[in-house]
Amino acid sequence: MTLDMTRGSPAKLILQFSLPLFIGNLFQQFYNMADTFIVGRTLGAGALAAVGCTGGLNFLVIGFAQGLAAGFSITTAQRFGAGDAEGVRRSFGCSAALCGLATLVLTPLTVWGAPHILRMLHTPEDILPGAEGYIGVIFAGLGASMLFNLLASVLRAVGDSRTPLYFLIVASALNIALDILFITRFHMGVAGAAWATVLAQLFSGALCIWYIARRFAQLHFKRAALRPAWPEAAAHLRIGFPMAFQYSIIAIGAIVLQVAVNDLGSDAVAGFTTGDRLVTLFAQPLVSFGTTMATFAAQNYGAGDYRRIRKGMFQCLAMSTGYSLAAGVVSIAFGRALARVFLPGQEQVVELAHTYLVIVGAAYWVLGALFVCRLSLQGLGRSFAPTFAGVMELIMRSGAALLLAGPLGFAGVCLAEPLAWAGSAVPLFIALTLELRRLTARQTIATRK
């Protein structure tokens, strides 16, 4: 079922679209959470640290792929909002061709380069073999991640946020089952967790292909669409590449932060990994609000209703802030208990994870504003401000990690996250407010003529 976001109550539509996204994102996080839970409880803190220390590098590559697919789908959503059915088909075909090309280029480069980069990141020697095995499998299966993210993004672009949810639920259950099978029965170690993730993603992508072929005739394109003309490809790259680049900029900051954590030892890596997994879980509603605003803004931009975008943005910010305050209280009050689920009997690491949850949990509302403003601007097809904000996030995260880790230790590393969010959210809010004011003024003038 598709959802036309150009008519009806913005708040109601945002909630209606966000809920399946949130549940879907939640189940997608179960890929990582299942890895963390099963690896931590069966293989120990060292194996958990091996998985965790690949987080920044993983985000650099997988985030680029996600940003590319999401950026391409913005063009699809704008054409859907404008009622251009043939344009939607051409956009999907072009997106598929460009994502396929990106996969062919990135897969061999990342598989070859990952071990060298892990050594450059000061990965502790005791966890280096496990980290290499885990990330090598993840990057070898990059095509599976690209496939699902492309198809899920296109379905959401035309207003269907429920179908990716259903397939993620199935894939998450498969991932957990394969984790247990590969780690506890086949004794494949942390590489088994990576294989479980890749195979589950591949399965969810295959389900999307089946569904689109059976139920979404408006997304069926001719083979010629896989050889797009330069103007068509350029229109997608103009939004897709900056969006992917923004993810990469943020990931570089995460890598610098990971170096600072690695230098504090394996316990710090395990504590940071556990805390980060939990924060990622708490942040999923905020991610969902942001993703919803990308589709909401893109469809209404295509329809030319800029006042509606402004109204939806402020309503979404209000909902995001309300959730953030509640999630912050839970994160701070119950952080230790949540960390013990992953690391029973390892109180030193649990305390480190709780420190992370206290510092970061107090700033969830900033992260919520960041997601809403960034994705709204991207839905409008604007790339400069989000890219600039990504650079600011990189500078703040890297600077805080390098300057605060020495005097403050682990707490200094944790402070890098909220400082990075603030450095990005402020310019994004200013840019979005000015852009919507300009568009609204244009709509007012057009209405008077």
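The values are calculated or read from the model by the stated rules, or taken from the named source; none is laboratory data. All figures in this text were calculated on a predicted structure; none of them were measured in a lab. Side chains are part of the model used for accessible areas, which takes the heavy atoms of the whole protein and leaves out ligands, DNA and RNA. Shrake-Rupley method; radii C 1.70, N 1.55, O 1.52, S 1.80 Å.
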Exercise. If eta is 0.692 mPa s and T is 37 °C, what Stokes-Einstein diffusion coefficient results for the stretch 186-326, Kirkwood Rh from Cα pairs, in µm²/s?
Worked result: 165 µm²/s
Exercise. If one puts a single equal scatterer on every Cα of the stretch 93-192 and applies the Debye formula without solvent, what log₁₀ I(q)/I(0) results at q = 0.13, 0.21 Å⁻¹?
Worked result: -0.65, -1.11
Exercise. Considering only protein heavy atoms, what per residue accessible area in square angstrom results for the stretch 272-380 with a 1.4 angstrom probe?
Worked result: 32 Å²
For this session: Could you run the Karplus curve 6.51 cos²θ - 1.76 cosθ + 1.60 with θ = phi - 60° over the stretch 162-168 and give me ³J(HN,Hα) per residue in whole Hz, x for Gly and Pro?
Result: 8, 4, x, 4, 4, 6, 5
For this session: Please give the calculated 222 nm ellipticity per residue for the chain, where each DSSP H segment of at least 4 residues contributes -39500 (n - 2.57) and the sum is spread over every residue; nearest 500 deg cm²/dmol?
Result: -29500 deg cm²/dmol
Seminar exercise, completed: With bins of 10 Å, the percent of all Cα-Cα pairs of the stretch 389-449 per bin from 0 is 23, 30, 19, 14, 10, 4, 0
Problem set entry | Between the stretch 74-104 and the stretch 274-302, the Cα center-to-center distance that results, in Å | 21 Å
Exercise. Can you run phi through the Karplus equation (6.51, -1.76, 1.60; θ = phi - 60°) for the stretch 278-289 and list ³J(HN,Hα) in whole Hz, with x for Gly and Pro?
Worked result: 5, 4, 4, 5, 4, 7, 4, x, 5, 4, 5, 4
For this session: Rounded to the nearest 10 degrees, what's the angle between the helix 190-215 long axis and the longest principal axis of the chain, both from Cα atoms, 0 to 90?
Result: 20 degrees
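Quick one: compute a quarter of the convex hull surface over the Cα atoms of the chain and quote it in nm². Write out the running numbers ahead of the final one.
On the way: hull surface 80.0 nm².
Orientation-averaged projected area of the Cα hull: 20.0 nm².
Carbon-plus-sulfur fraction of the accessible area of the stretch 100-150, 1.4 Å probe, in percent?
Carbon with sulfur: 75 percent of the solvent-accessible area.
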